[in-house]
Every structure is written in structure tokens, then in C-alpha cells.
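K.L.:
Got a structure for you, written out below as C-alpha cells; questions coming shortly.
The values are calculated or read from the model by the stated rules, or taken from the named source; none is laboratory data. Since the model is a prediction, treat every value here as computed from it, not as a measurement. A quick note on method: Cβ atoms are made from the backbone with ideal geometry, for glycine too, and the neighbour counts reach across all protein chains shown. Quick note on the areas: whole protein, heavy atoms, side chains included, nothing else; ligands and nucleic acids left out. Shrake-Rupley method; radii C 1.70, N 1.55, O 1.52, S 1.80 Å.
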Amino acid sequence: MARSGGTICSMEIKSKLQELVYKAVCEVAGVCVPAKNIKIEHPEVEEHGDYSTNIALELKGGRALAEKIAVQIGSEYFDVSVAGSGFINFKLKPQYLVEQLSKIHIDQMGKGKTVVVEYSSPNIAKPFGIGHLRSTIIGQALYNLYQALGYTVIGDNHLGDWGTQFGKLLFMINKTKTDDFSIEELEKLYVEFHLHPEWEEEGRRWFKKLEDKNTETRRIWQKCVDVSMVEFDRIYKLLDVKIDNAYGESFYEDLMPQIIADAENMSKKSEGALIIEIPNEEAPLMLLKSDGGTTYATRDLATVKFRKQKWDPDLVIYEVGAEQTLHFRQVFAAAKLLTYVTNVNSLIHTKHGLYLDTDGKKFATRMGKTIKLEEVLNEAIDRAKKLGNSEIETAKAVGIGAIKYFELSHSIQSDIVFDWEKVMALEGNSGPYLQYTYARTQSVLKKAQDSGLKVQSDLNDEELAILRWIYRYGELVEEAAVRYAPNLLCNFLYELAQRYNTFYNKHTILGNDFRMALTQAVGSVLNSGLNLLGIAVLEHM
Ligand code: ARG
């Protein structure tokens with residue numbers, strides 16, 4: 001095959017096309033649209049082509065112009081055709097698609113840039129609820145995606161370990177002379193406190209003691225933190241999640257006076273509290289309460305400042321539920337006013353939705369009892385066992401993988417109906433299905449005999465279908481990261497698995513070198529993709 005400057009790989013196809021279209025348009029239409037402004041997309045219907053551009057329509061030249069441009073674009077890589085009212089479609093030639101197989105890679109677009117991903121962030125002295133599961137799983141996937149793209153990524157677990165609720169707890173611990181510091185017991189004390197509105201003042205008083213660094217209260221608070229961390233770590237271990245840092249809210253306590261000082265010229269007193277008015281916002285941000293205590297928002301402002309000084313990130317992703325939308329809008333706007341950030345768009349709140357029960361209600365309680373994440377995870381492992389994965393490690397990989405995949409295959413913002421049937425499905429868009437397909441590629445490869453690679457001239461439809469999909473992997477990883485949408489990667493992998501299984505069911509792979517190479521490529525993309533999602537792969541199932 002004649003080549004001028006070597007072959008192009010999938011990530012460069014788009015720019016190569018833009019360049020070709022640019023030249024042709026200049027030539028035929030006499031207008032030179034900058035190459036980067038030429039839209040190149042994957043048509044929705046694959047038969048139309050692998051890529052297409054609407055440039056002739058944009059230039060209001062319709063089909064006639066499209067045809068002239070198409071004739072002008074001669075390429076060794078594509079077949080060019082015109083469709084409808086003037087779309088120009090490009091179909092990659094089979095030989096070229098085959099070449100892409102060995103070039104699948106992820107572009108290092110993030111080299112030199114830093115991203116902070118804040119995720120999980122459970123609250124001390126409360127059970128790790130199902131609500132923090134989403135944050136943990138999505139946050140870890142975003143972390144992995146950005147890392148794969150070459151960014152320096154920093155994970156931070158913004159633990160809820162400070163605030164008036166600890167005053168309430170300390171008061172109760174003292175009052176009841178509690179020495180049982182299990183999370184359940186602490187939760188009970190907290191509930192009981194709220195049955196007595198007359199104790200509110202005591203709660204505030206005890207929090208003040210904590211803020212004033214009273215040694216005894218600090219000691220008891222630390223005990224609550226330690227007990228909770230043991231529980232959380234058990235869950236992180238189950239989920240196979242490790243978070244680089246855990247600067248909890250308490251860490252920012254010493255920075256509070258500085259934040260109040262920074263805000264001096266823009267804050268004002270209102271009903272005893274200290275607030276910052278935010279233009280066009282329904283409510284002001286409260287810096288200090290009327291009793292002088294700091295707030296959740298003040299600590300978040302300190303966090304923005306601290307991260308800027310420590311890591312100078314280009315982007316900070318807050319993987320937190322949609323119910324905190326107003327809070328983050330206020331914090332981001334205030335951070336801009338305080339010049340802690342120059343660009344508010346560098347602070348992103350992903351706003352994940354809720355888990356709903358099959359009856360459409362919030363998936364939080366069962367018979368009046370809060371559902372604990374650990375119970376859900378253990379149930380997933382049990383169900384995986386019942387599906388025939390008798391080894392505990394395998395059952396864990398399948399059960400936990402199923403939960404993670406179920407979570408990630410939904411768009412972040414949507415509410416998810418938690419349905420065990422779908423989570424554990426062996427067919428369809430599920431974790432076990434993808435793990436199974438990966439294991440299938442590996443078992444084919446294991447059976448293979450070594451021999452020289454025969455280049456096949458005629459490709460069948462099922463082989464072409466895989467080739468037409470798999471080369472897009474790098475693009476997809478990029479899209480999933482910049483759109484904060486791991487579900488796009490799930491969909492891509494699912495489609496790839498389906499195409500591979502169709503191919504597998506119809507053709508004999510063993511003894512055919514090209515088909516082996518195809519199997520190898522599908523296996524390594526599934527492996528890489530599942531890894532980015534945080535899902536374990538299994539060599540056999
Ligand atoms: N601990 C909080 C909660 O469970 C989530 C923390 C979110 N992050 C933040 N920077 N405020 O509601």
C-alpha cells in the first residue's frame with residue numbers, strides 16, 4: 001500500500017479528515033473554513049459510513065456542493081460518498097481498518113495537567129450508606145479515566161468529620177456515659193438527641209468545646225473518627241477502592257480565620273450571622289452562624305483555597321449528589337469572588353441522582369431500617385455464588401463488578417432503579433456479560449497454536465463489524481472523561497462484546513490467524529475498559 005507519511009492511527013483520523021475536507025472546500029468552494037471548525041462525526045447509522053461531515057450544508061451549497069467536494073477528496077484510506085441533502089460520508093477501507101487493530105491506544109491529551117477528583121466523602125459516626133456508593137464508584141472511574149489520558153490525578157476523600165452534629169454526639173456520649181463507640185450506637189445517640197429540642201443549646205456548647213480544642217472532647221471525637229474509619233476501610237477493601245488523600249472537613253478548621261479575613265470586604269452581618277451575598281442567587285452563603293460557628297460552606301471555601309495552593313489543579317471534580325446543587329453553586333461563586341479560582345468552570349459538580357427502589361421510592365430504608373451498603377455488597381457476592389461462581393475471589397469479582405457496572409452504565413445524573421435482576425443479568429448490558437465475554441476471548445487465545453499470521457483478503461460482515469467499532473476506543477475514553485460520563489464507555493464495551501459474540505457464534509476462530517488477532521484485540525480493549533471502570537476481569541468463568 002502506497003503511503004506518503006506513514007499510516008494514521010484512529011485518534012488522528014478526525015484531524016486527517018478535517019485537513020482533507022479543508023483542502024477540498026478551499027479548492028471547490030473558494031472559501032477556506034479553518035480545518036478545526038469542520039465538524040466530523042460518526043453517523044448514527046453505520047451503513048452510512050464511519051465518519052461524515054455536514055460542511056456542504058453549513059456552506060448552504062447542498063448536495064451539489066457536497067458532490068464537488070467529495071470528488072475532490074481522493075483518499076487511500078476512505079471511500080467517499082454523498083447522501084441525503086448533502087452529507088459527505090467516509091467509509092474506512094477494510095485494509096485500513098485491519099491496520100488500526102495494532103494501533104488502538106489512548107491519547108495523552110492530559111499531559112502536564114492536574115485534576116483533583118473528590119469522591120466518596122462519607123460522614124463520620126454514620127453508616128456508609130448506599131448514597132455514598134455512587135460517589136465512590138463514579139469517582140473512582142473518573143479518576144481512572146483521567147489518569148489513562150495522561151493527567152496527573154489526585155483523589156481526595158472529603159470526609160464529613162466536623163460540624164455541630166459532633167457537638168450533639170459529644171453531649172450524648174457524655175450524658176449517657178457511653179463507651180460503646182460502634183457506628184450503630186453513635187447513630188442511635190444522634191437519633192435520640194433529636195427527640196429533645198431542649199438539648200440543642202447543649203449541642204452547640206459541646207461543639208464549641210471541640211472547636212476550642214478541649215483535650216477530652218478532642219479525644220472522644222478522635223475515637224468516633226477512628227471507629228468509623230475502620231468500617232469505611234472495610235468497605236473500600238470490598239470495593240477495591242483506594243483514595244489518595246482524606247483531608248476531611250476537620251482538617252480545614254485552622255484555616256477558618258483566614259477565610260473570614262479574606263472575605264472581609266464582601267461579607268456582611270445578617271440576623272447575627274456573617275454572610276456573602278451572591279449575585280443572581282436565591283440565597284446567600286453563610287460564613288459564620290449567629291453563634292459564631294463556621295459552616296459546611298466555609299470549610300468548602302477553605303478546601304478550594306487549600307487545593308489551589310497545594311496542587312494548582314486545572315480541574316476539580318466534585319462527585320457529589322444533585323441534592324447539594326445549590327450549595328456548590330454558592331461555594332463556586334464565592335470562590336470566584338474571593339479569587340481562589342480564576343475560572344469557575346474549573347470547578348465541576350457532577351450531581352449524581354438517587355437510587356430508587358423498584359417501587360420508585362428512595363432506596364434508603366427497608367422496613368424502616370436504613371439500608372447499609374455493606375449488606376448490599378455482600379448480597380451481590382452471595383448472588384454471584386449462586387450463579388455458579390463457587391470460588392470466593394471469583395464471586396467477589398462478579399458480584400462487586402456487577403454492582404459497579406450497573407452503577408456506571410447509567411448516566412451520572414439519572415436516578416437509578418435498583419433491580420437485582422438487572423444487576424446480575426448474564427445476558428444484556430451487565431457486568432457479568434462483559435466479564436464473560438472477556439473470559440471467552442482469553443479461552444480462545446489459550447487454545448491457539450503458534451503459527452505465522454496469514455493476512456486474510458476477504459473479511460466477513462461479522463469481522464468488519466468488530467473492526468468498524470474497536471478502533472474508536474481511544475476516542476471513547478476521551479469523551480467519557482471530558483463529558484463526565486463513564487456510561488459512554490460502558491455502552492461502547494457492551495456493543496463491542498455483542499459484536500464479538502455474534503462473530504464468535506458464527507465463525508471458527510481457531511486456526512485462523514486473523515480471527516485470533518481480532519480476538520486478541522477485543523480481549524485487550526475489554527480488559528483495558530473494564531479496568532478503567534474499576535471492574536475486575538477474570539481469565540475464565
Ligand atoms: N460528607 C458530605 C455528605 O455526605 C459530602 C461531601 C461533599 N463534598 C464537599 N466538598 N462538600 O453529604
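K.L.:
Per residue of the stretch 395-404, what does 6.51 cos²θ - 1.76 cosθ + 1.60 with θ = phi - 60° give for ³J(HN,Hα)? Whole Hz please, x for Gly and Pro, Karplus curve as stated.
P.N.:
4, 5, 4, 6, x, 5, x, 5, 4, 4
K.L.:
Looking at this model, which pairs from K237/K386; K223/K336; K175/K361 are more than 31 angstrom apart at the alpha-carbon?
P.N.:
Over 31 Å Cα-Cα: K223/K336; K175/K361.
K.L.:
Moving on to the next point. Could you please report the charge total around W221, scoring K, R as +1 and D, E as -1 over all other residues with beta-carbon less than 11 angstrom from its beta-carbon? Working shown, then result.
P.N.:
Values: positive: K209, K213, R218, R219, K223; negative: D161, E211, E216, D226.
So the surrounding residues net to +1.
K.L.:
Checking the cross-link filter: which aspartates and glutamates have an alpha carbon closer than 18 Å to that of K209, excluding same-chain neighbours under 8 positions apart?
P.N.:
Once the sequence-local aspartates and glutamates are set aside, what remains near K209 is D161, E200, E201, E249, E253, D254, D291.
K.L.:
Percent of accessible area on the chain owned by carbon and sulfur, 1.4 Å probe? Let's see the in-between values first.
P.N.:
Numbers: 12490 of 24890 Å².
Carbon plus sulfur share of accessible area: 50 percent.
K.L.:
Could you tell me what a quarter of the Cα convex hull surface of the stretch 73-131 works out to, in nm² with one decimal place? Walk me through the numbers on the way to the answer.
P.N.:
Details: hull surface 40.7 nm².
Average projection, Cα convex hull of the stretch 73-131: 10.2 nm².
K.L.:
Across the stretch 151-162, in residue order, what do the Karplus-derived ³J(HN,Hα) couplings come to in whole Hz, using 6.51 cos²θ - 1.76 cosθ + 1.60 with θ = phi - 60° and x for Gly and Pro?
P.N.:
Those phi angles translate into 6, 7, 10, 10, x, 9, 9, 7, 4, x, 10, 8 Hz.
K.L.:
Here's something else I'd like to know. Give me the accessible area per residue for the stretch 270-311, probe 1.4 Å, as a whole number in Å². Working shown, then result.
P.N.:
On the way: 1940 Å² over 42 residues.
The answer is 46 Å² per residue.
K.L.:
Another one. Can you give me the distance in nm between label points at N345 and E192, each placed 7 Å from the Cα along the Cα-to-Cβ direction?
P.N.:
5.4 nm
K.L.:
OK, next. Given Cα pairs under 8 Å that are at least 6 residues apart, what percent is the relative contact order of the chain?
P.N.:
14 percent
K.L.:
So who's got an amide H within less than 5 Å of the one on V82, skipping anything under 5 residues away but keeping other chains? H placed 1.01 Å off N, in plane.
P.N.:
N89
K.L.:
How much area per residue is accessible in the stretch 497-541 when the probe is 1.4 Å and only protein heavy atoms are counted (Å²)?
P.N.:
On the way: 1790 Å² over 45 residues.
Using a 1.4 Å probe on heavy atoms only, each residue of the stretch 497-541 averages 40 Å².
K.L.:
Could you calculate the contour length gain from K175 to V45, that is, 0.36 nm times the residue separation minus the distance between their Cα atoms, to one decimal place in nm?
P.N.:
Contour length minus Cα-Cα distance gives 39.9 nm.
K.L.:
With label points built 7 Å along Cα→Cβ from the Cα atoms of E264 and Y247, find their separation and express it in nm.
P.N.:
Each label point is offset 7 Å from its Cα along the Cβ direction, giving 2.4 nm.
K.L.:
Could you size up the charge dipole of the chain around its Cα centre, putting +1 on the beta carbon of Lys and Arg and -1 on that of Asp and Glu, and report it in debye to the nearest 20?
P.N.:
Magnitude of the dipole: close to 620 debye.
K.L.:
While we're on this one: Compare the peptides 356-363, 493-500, 533-540 by average per-residue count of other Cβ atoms within 10 angstrom and give them in order, highest first.
P.N.:
493-500, 533-540, 356-363
K.L.:
If you put +1 on each Lys and Arg Cβ and -1 on each Asp and Glu Cβ, how big is the dipole of the stretch 28-147 around its Cα centre, in Debye rounded to 20?
P.N.:
For the stretch 28-147, the charge dipole is close to 460 debye.
K.L.:
Shifting gears a bit: Compute the Cα gyration tensor for the chain, then decide on rounded, prolate or oblate, letting a ≥ b ≥ c be the square roots of its eigenvalues: rounded whenever a/c is under 1.5, prolate when a/b is larger than b/c in the other cases, and oblate in all that remain.
P.N.:
oblate
K.L.:
Before I look further, what does the stretch 91-186 give for accessible area per residue, probe 1.4 Å, in whole square angstrom?
P.N.:
Computed with neighbouring chains in place, this is 31 Å² per residue.
K.L.:
Let me have the 222 nm mean residue ellipticity of the chain computed from DSSP H runs of 4+ only, each contributing -39500 (n - 2.57), with the sum over all residues rounded to the nearest 500.
P.N.:
That calculation yields -16000 deg cm²/dmol at 222 nm.
K.L.:
Can you give me the long-range amide H partners of V320? Hydrogens built in the peptide plane at 1.01 Å from N, cutoff under 5 Å, separation of 5 or more residues or another chain.
P.N.:
HN-HN under 5 Å from V320: T350, K351, H352.
K.L.:
Right, next: Once the dipole of the chain is set up with Lys and Arg at +1 and Asp and Glu at -1 on Cβ about the Cα centre, which of G292, T53, S411 lies farthest towards its positive end?
P.N.:
T53
K.L.:
Take the eigenvalues of the Cα gyration tensor for the stretch 219-377, scale each by 5, and report the square roots as semi-axes in whole Å, largest first.
P.N.:
31, 20, 18
K.L.:
While we're here: Output ³J(HN,Hα) for the stretch 335-347: one whole-Hz value per residue in order, computed from phi by the Karplus curve 6.51 cos²θ - 1.76 cosθ + 1.60 with θ = phi - 60°, and x for Gly and Pro.
P.N.:
Karplus-based 3J(HN,Hα) across the stretch 335-347 equals 4, 5, 4, 7, 6, 6, 10, 8, 10, 4, 5, 7, 10 Hz.
K.L.:
Given 0.36 nm per residue, what is the gain on full extension from D291 to E479 after removing their alpha carbon distance, in nm?
P.N.:
Extra length from D291 to E479 when fully extended: 63.0 nm.
K.L.:
Can you list residues whose amide H is under 5 Å from A246's amide H, if they're 5+ apart or on another chain and H is modeled 1.01 Å from N?
P.N.:
N157
K.L.:
First measure r as the distance between the Cβ atoms of S75 and D415, then evaluate 1/(1 + (r/R0)^6) with R0 = 30 Å and state the FRET efficiency to the nearest 0.05. Display every interim value, and only then the final one.
P.N.:
Values: r = 46 Å, r/R0 = 1.53.
For R0 = 30 Å, the calculated efficiency reads 0.05.
K.L.:
Here's a follow-up. How many angstrom lie between the Cα centre of the stretch 177-202 and the Cα centre of the stretch 290-346?
P.N.:
With the stretch 177-202 and the stretch 290-346 each reduced to a Cα centre, they are spaced 30 Å.
K.L.:
Another one. As an exercise, use a Förster radius of 25 Å and the Cβ-Cβ distance of K506 and I392 to find the FRET efficiency, rounded to the nearest 0.05.
P.N.:
After rounding, the FRET efficiency stands at 0.10.
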